Structure formats: C-alpha cells, structure tokens
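Below you'll find the structure, written out as structure tokens, and then a few comments.
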Protein chains: 2
Amino acid sequence: MAPGSPLSDLIRALPPGSVVTHADTLATYRQDRALDPDAGTPLALVRPTSTDEVQETVRWCAAHGVKLVTRGAGTSLSGGSTAVDGALMLSTERMRALHIDLPTRTATVQPGLMNSEVKVAAAQHGLWYPPDPSSFEICSIGGNVATNAGGLCCVKYGVTGDYVLGLQVVLADGRAVRLGGRQIKDSAGLSLTKLFVGSEGVLGVITEITLRLLPAQPPASTVVGTFPSVSHASRAVLAVTDRIRPALLEFMDKVTLNAVEDHLRMGLPREAEALLLAQSDAPGAAGRAEVELIQEAFTAHGAAECFSTDDPVEGEAFAAARRAAIPAVEKLGSLLLEDVGVPLPALPDLIDGVAAIAAAEDVTIAVIAHAGDGNTHPLIAFDPTDAAQRERAHRAFGQIMDLAISLGGTITGEHGVGRLKKAWLPDQVGSDVMQMTAAIKNALDPDGLLNPGVML
Amino acid sequence: MAPGSPLSDLIRALPPGSVVTHADTLATYRQDRALDPDAGTPLALVRPTSTDEVQETVRWCAAHGVKLVTRGAGTSLSGGSTAVDGALMLSTERMRALHIDLPTRTATVQPGLMNSEVKVAAAQHGLWYPPDPSSFEICSIGGNVATNAGGLCCVKYGVTGDYVLGLQVVLADGRAVRLGGRQIKDSAGLSLTKLFVGSEGVLGVITEITLRLLPAQPPASTVVGTFPSVSHASRAVLAVTDRIRPALLEFMDKVTLNAVEDHLRMGLPREAEALLLAQSDAPGAAGRAEVELIQEAFTAHGAAECFSTDDPVEGEAFAAARRAAIPAVEKLGSLLLEDVGVPLPALPDLIDGVAAIAAAEDVTIAVIAHAGDGNTHPLIAFDPTDAAQRERAHRAFGQIMDLAISLGGTITGEHGVGRLKKAWLPDQVGSDVMQMTAAIKNALDPDGLLNPGVML
C-alpha cells in the first residue's frame, strides 16, 4: 500500500492489523454461503473491535466515496455479504464482547459472536436465547439481526426481531446512535429498532445488540412420524397447528432424509416419502396432551410409523439431523437455496407445487421446512458443469418464488433478500413499497455507501 | 359551504354524510382523552368507510395543502389525536369491517373497531387477541397499532406490535400500500410493517390491519397482596419477575386504591399502602407452582394479606378494579397522565422517586403500574382553577419523565408521544435519532401533511 494512498489514512487510524490487503485473505472474503459466482473482490478487509473503530471506518468510506459491505460470519444463504469490487469489506469477527445483565434478563452483545455463544452464555445463568437458525453454531448474532433470522423454535417462540430490545448502529455518515434499550415496552418515537432488524446492512452497521432472554426452556418431548407422501405430511402439519402451537414442527422429504442418512448414518427411515419432527415443551399434563394430539394428527394423516420420546438427548438427535440437512444436501451438487414462506393453509399447495416444478424442470429439489410456521427451504441441487441443468435449476429457483408469491407468501421467511433474491422482491411487495424502501434508504444513506446491491 | 370552495370538491367525491362541518359536531372532535386545553378546531370532519375513501381524502389534502389528523376512538392519553386548527380530522369510526380467517388464525380488521370487538370476535372462534389496554372497551384497534399499545397481559404476551402481521396504509400522496401479510415469518425487504406500528399517524393512515391470534387463554389463577409501603411492593415485583413470567402483574398505590373503592365499592383494602395483583395461566401443576412462588415472594416482602383464587370471575373483578383506576382517579381533579417505563430493576427507584417528586411539589400523584414489565402510570391530579397547583403539577409531569430517562427508561411505554410528551422525546433518544426520525418522516411525507405536531 502506497503511503500516500487514501487507504493508508484508514490503516493509520485503526489499531495495527485491523486492515488487511493480502490478496489471499481477501479472496476468502469474496463469497458467503450463497457461493455467488459473480462475487467481487474487496478493496480491503477491515476487522474493527469497537463501535469507535466502525465509526472511523465508515467515516473514511464516506470521505472517499468507497462503498462498504458488512459481513458477520459469512453464512448468508442469499448473498447478503457477498463482496463488491472496490468496496471495503467490514467483518465483525473481532467484535465479540458479551454482557449478561441478570436483573433485566438481557444480553448485550457485539455482533460478531456466534448465535450459539449467546445461547451458551445465557444458559450459564439459567436463561435462554430462543432463536435457533440451523446454522446457530456458525452464524453470527449480528447477521441474525440483519436478516431477522428464524429457526426451529420460532413456530412457538418467535424470530430474532422479537428478542431485540435495543441496538447501537453506525449510520452512513459515521454517527453512532442508540435505539431502544433494556426496557420491555417502549413507544417513544418511531420503531427504529424494529426497522433496523432485517435491514440487511443497507441502513447502518449494527455494532451492539441488546437481546431479551427467557427462563430456560422446559424439557421437550419429541414425536417423529413418517408419511407415505409429502402431501400427507403437509396436511398432518395443519392438523397439528389448527389445534396447538408445538415448540418445533419440522418437515423433511425423502431426498433430504437420504442425504442426511448418507451424512450421519443414524438410522433414519430411507424409504419414507416424508418425515415430520415435532416437539412439545408444555409442562406436565399439558405436555402429555400435546404429544397425544400430535400423535393422533400424524396417525390420522397416514403416518406409517409414529415414535415419541421424553428423552431430550434422543429428541435433540433428530433436531440435529434436521439441522444437518443443508450441508448433507450440498453433497448432491451445487445448491440454490430457497426460503419461501406461505400462510399455513397454503403449505400443501406450496409443497405439491415444488414437486411439480422439480418434475417439469427435471431437477433434484430436496425440501425441508419449518413446517409449523409455513417457511420452507426447497434446496435445488444441480451439476454446475452441466449448463443445461444449471439453467433448469435457475428457472426452477424463480418459479418457486413466483409460486410462493402467487400463494400470498414471501420469497424469504428468514434468510433475507440479499443479492440473489432481489429481482423477485418487487413482484412480492410491489413498486410502491419498493419506492418507500428506496426513500428510506436514501433518507439514511443518501450516497448509497452501505451494502450496495442488496435488497434494492 | 360555498359551492366553489375546495371543500365542496371533497364533499362531492365522498358518499353523502362523509364530510361534517357543523360547528357543534366539530367541537366534540377537538380534544382526545388528554384533554389538551390548546386543542384546535378542525376545518371539517371526514368519516370514510373504506381505503378508497381514505385515499380520496388524503389526495384532496395533498392537492390543497391541508393537513390531516387521524383519530380512532379519541382515547389518546398523550394528545395523539388532538385537533389542529385548519386541518382535516379523519375519524376511522365508520371503518368497522372484520374478518376472522380460521386457517391462518388471523383477524383482518378495519381500524375503527374497538379492541374489545376484536377480542369478542376472536373468542367466538375459540381464539384470543391478547393485547388489552385498560381502555379496551373504548379504544380503537387502529389507535392501538398507531401507538403500539400495551396492557395488562403484555408482561407475558407482548404488545400490539407483536401481533401485527400485515397492514394496509394510505401514504401522504394518497397511494395505498400493503405491508406484510398473513404469513408468520417474512424477511422480504425492510421491516416496514413494524415501522408503521407506533408511528402515531405521522407516516400514513392505517386502513386495514392483519392480526395474529392465539388459542384461547387458559383460565388464570389470581394472587392479591397488600403491602406496608410502595417500596415493599415494588421489591416484591422483582422477586416474582426474577423467577417467572406471570400472565399479569399490576401495582396500585393507596391513592388509587381509595379512588377505585370510592368509585366501585367492592371492598378494596383502603388502609394498604400498595396492592399487587398477579395472575398465572400456566396449566395444572406448573400454574400451582407459580401461584405458590408469587405468594412466597409477596409474603417475603412484607405482604400483610395475601389472597389467592382460582375463580376466574373473582380474578377478573380485581383486574376490572385495576382498569377502573384512571376514570376513578380522574374524579380527584384534572389529570396529567404519565406512561414512564424503566428496565425492571429500576422500578423501585422510579416508584420511590415519584413519591419524592409528589412530596417536593406538594401534588397528588396516584401510581398504577404494569409492574411486571416496568411500565408505570403516575397520575398527577390537580385543581385546574388553582394556577399555582397547576404549575406544580406540570413541573412534576416533566420531572417524572426526566427521572425515567435518568434511570435508562422511556417517557412512554404504551401511550405514544403525541403532542404532550414530544418536548421530552429528544432528551430520551438524542438529537441524532430525532434527525433520523425527521429524515424518515420527510422521506414518506415531504409536505408534512400527516398528524402535524405529533412526535416531531
């Protein structure tokens, strides 16, 4: 780096080692888990440790008109943290402070901690941070907030945004603001805290998060059922959700089951067309009643086998199998990852429709779903060396989002729009909402410095 | 109205009877429950029945540069719907459509329905809309959304915004947009649905709301304790919330108890310095354990009497007494209504501090609180004909907000900022957040047509 170059100012302003320009390192920060082949190369990588250092970085970007991409752990499945040519890459990986405040039952954390680290720290005090993306061991809490991430327990316990009480955010001009706080209720002014949840880095850089914690989750009982068709299973889901809110209600199809079994060798039923995994954490008799109701619903909708256990370790093994689905299916080929959601009654139509698209386009689509909240992940696996297959896979990718929109649903329930899904966002929300989005973006980031190419 | 006047265009554009200009009627729409003596007089009252009619009205305002105040049931306690001289008053009172969608467990409603009407409609299908402002029988659901209203059960079940899945909103230029929908999870685009919750009519006119419903609440057990001081009671609150999340945890001081007893004659303990009212709706043994824990916490913190009942009718009588507090205390004089909230551990400091302010300023302050979530309503009662007392009351009003801010809290937990509290908003959120608020307001309502004077 030439001493007189603008970047040398930033290098001087930050502690030694904060700014990285080695090509080899930069190459590892080009893509996230969406593996976008069109990813750019960052101008440099910045790894701040504090809000102050983020402010320095953003001020430098503003002064030099350099764009900024913020990256948590790089596990975005929709290209939310893909590098942009010539833009700075800000990684939150060194922002790892954590403070549990027992009296307010809150965790105040920097964004670079893993979701699992927040969970573990809370658990050490008998508390619980519920949101549990399948990637919870490798995804950052900052990324969770930026995408309003969900997970398995969200069907009963809500998504990330339901737990965010306060934020510290660095704006596009380098000012740092605090939004919300540790109080449970707050109607003072616009709901800016909630606006920044799910804003995917386009409105500011989140540098501190105050999260509401719950008492430890009661031990859960688990029910597993196997079904003769995906339609049977999706109808069994509605038979459960029409009557209770389970603590978890997950779906896996045959392709997924076999991919996971290849990966984990735990004895999953390879011949089943679909599997449902449900949990109840209601205490005592209420929990037993829920387990019975789930079993009845499964059996009434054709479950061949229906297994239940009160052993949390056994239940967790099934949940872990479900969480292993994406890495397992990734072995079948390159993946296009969907995250479409629909109002619950449309779940069977969505799942049947995905099967029809797979047949029509002759592509492999493994389907997993947070079935209890209508959020599905059709995983389109294709051979990247087969151009025709790749084209069919991309066509199916769009068709599935079109299908979800036509069913009154969303193109993304929990991953965010990122760069991969932004072409479909106007179809879902309409041009007026896109204009509102652009107006708010422009109000807070008039020079378009932050995470360019995402969402808009 | 002269035939050639601009208003005649609006009268022609809307169904007969939609626009009212009689001075007597307009006079009844000047104030809301905050009884602002500086309320203006509307140019006219418009009572649309549909989104289309709201669009006509807003387009007329935009074309003629006439400002617009939106009013639900007029129960704002912070002057959120106070009339402005020369502005149009849009009342949602005729927007009363309701549709319960059983498969998605949602209610889609127009804003003019009372909160209680939504509750009743949900209950007819075995479902429950939890948020329960004390004014639930006389406050509109649109106003609830506009203020992110809370209530008694929010300590366990969350506030209005936690139940809003979708909105239809008319923007300042007359366009109508749909935000969110009936799906539980949605990460597509900015969280605009959440931004409009609590926006107090300054960003758009909410014309339709889609609310998430829960299964019917299980029957609750009730515990009532009386305490020798407000400090004892507020410490008992923490002893409960440190261990469980009750379904309700309310506080009343001696002034309130006596005002309510004067009003209802139900045999409340007039001699107690404070009363706590708690409920558990956990099923079976878990509920019994919660009731025992609450009783222990109350007794350990000096409760003289501790009464419990499993009879929901008896429990509801106490909740009704708590909800009657504001009308009861209103009989003691004119009221300045506070809505300050703090992180829970600061609750005793807030309650002790309010008592100190009452003593120092020699004014009567009755205190009620949604104690379980740290949200308190000190009610400053004064004789409006006594200028010196009025001045002391207003000074106390500001001091209590200053106190809440100094304790890391909020000037409003659930009523909104309105016109009465906006002078304190910058002290709470800071000038940078005020600038962000103004930037977003300006992005969506550049001519400042909507609810001028509120929040900003």
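Numbers for the structure displayed
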item	result
Subset of region A:48-65 [in contact with a Gly (Cβ under 7 Å, 6 or more places away or on another chain) and not polar (S, T, N, Q)]	A:Val58, A:Arg59, A:Ala62
Members of region B:193-235 that are open to solvent by less than 10 Å² (accessible area, probe 1.4 Å), more than 25 Å from B:Asp281 (Cβ to Cβ) and not in a loop (DSSP other than H, G, I, E, B)	B:Leu195, B:Phe196, B:Val205, B:Thr207, B:Ile209
Residue list for region B:236-264, restricted to those being without any contact (Cβ under 8 Å) to a residue 40 or more places away in the chain and either open to solvent by 40 Å² or more (accessible area, probe 1.4 Å) or within 12 Å of chain A (Cβ to nearest Cβ) (or both)	B:Asp242, B:Lys254
Residue tally, condition more than 7 Å from every other protein chain (Cβ to nearest Cβ), out of contact with any Pro (no Cβ under 9 Å at 6 or more places or on another chain) and more than 22 Å from B:Leu344 (Cβ to Cβ), over region A:189-205	5
Residue list for region B:273-314, restricted to those being within 14 Å of chain A (Cβ to nearest Cβ) and not in a helix (DSSP H, G or I)	B:Ser280, B:Asp281, B:Ala282, B:Pro283
Single unsatisfied condition, B:Asp362 versus (1) among the charged types (D, E, K, R); (2) surrounded by fewer than 20 Cβ atoms within 10 Å (Cβ to Cβ); (3) closer than 26 Å to B:Gln217 by Cβ	(3)
Output for region A:409-433, where each listed residue is touching a helix residue (DSSP H, G or I) at 6+ places or on another chain (Cβ under 7 Å) and surrounded by fewer than 17 Cβ atoms within 10 Å (Cβ to Cβ)	A:Pro426, A:Asp427
Hits in region A:112-126 (condition: over 13 Å from A:His99 (Cβ atoms) and of a type in the set (A, V, I, L, M, F, W, C))	A:Met114, A:Val120, A:Ala123
Odd one out for B:Phe251 among (1) assigned to a helix (DSSP H, G or I); (2) in contact with a strand residue (DSSP E or B) (Cβ under 7 Å, 6 or more places away or on another chain)	(1)
Scan of region A:236-245 for residues that are assigned to a loop (DSSP other than H, G, I, E, B) and either of a type in the set (D, E, K, R) or out of contact with any helix residue (DSSP H, G or I) (no Cβ under 6 Å at 6 or more places or on another chain) (or both), ordered by number	A:Asp242, A:Arg243, A:Arg245
Hits in region A:142-172 - residues which are within 11 Å of chain B (Cβ to nearest Cβ), open to solvent by 20 Å² or more (accessible area, probe 1.4 Å) and either in a strand (DSSP E or B) or aromatic (Phe, Trp, Tyr) (or both)	A:Leu165
3 or more residues more than 8 Å from chain B (Cβ to nearest Cβ) and among the aliphatic types (A, V, I, L, M): qualifying helices (runs of 4 or more DSSP H) within region A:363-456	A:387-406
Members of region B:395-411 found to be in contact with a strand residue (DSSP E or B) (Cβ under 7 Å, 6 or more places away or on another chain) and under 18 Å from B:Ala366 (Cβ atoms), listed by number	B:Ala396, B:Phe397, B:Ile400, B:Ala404
One residue from A:Asp186, A:Asp132 being outside any strand (DSSP E or B), more than 11 Å from chain B (Cβ to nearest Cβ) and either out of contact with any helix residue (DSSP H, G or I) (no Cβ under 6 Å at 6 or more places or on another chain) or modelled with pLDDT of 95 or more (or both)	A:Asp132
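The values are calculated or read from the model by the stated rules, or taken from the named source; none is laboratory data. Given the structure is predicted, the values throughout are model-derived calculations rather than measurements. Every residue, glycine as well, gets a Cβ built from its backbone with ideal geometry; the counts of neighbours run over all protein chains shown. Quick note on the areas: whole protein, heavy atoms, side chains included, nothing else; ligands and nucleic acids left out. Shrake-Rupley method; radii C 1.70, N 1.55, O 1.52, S 1.80 Å.
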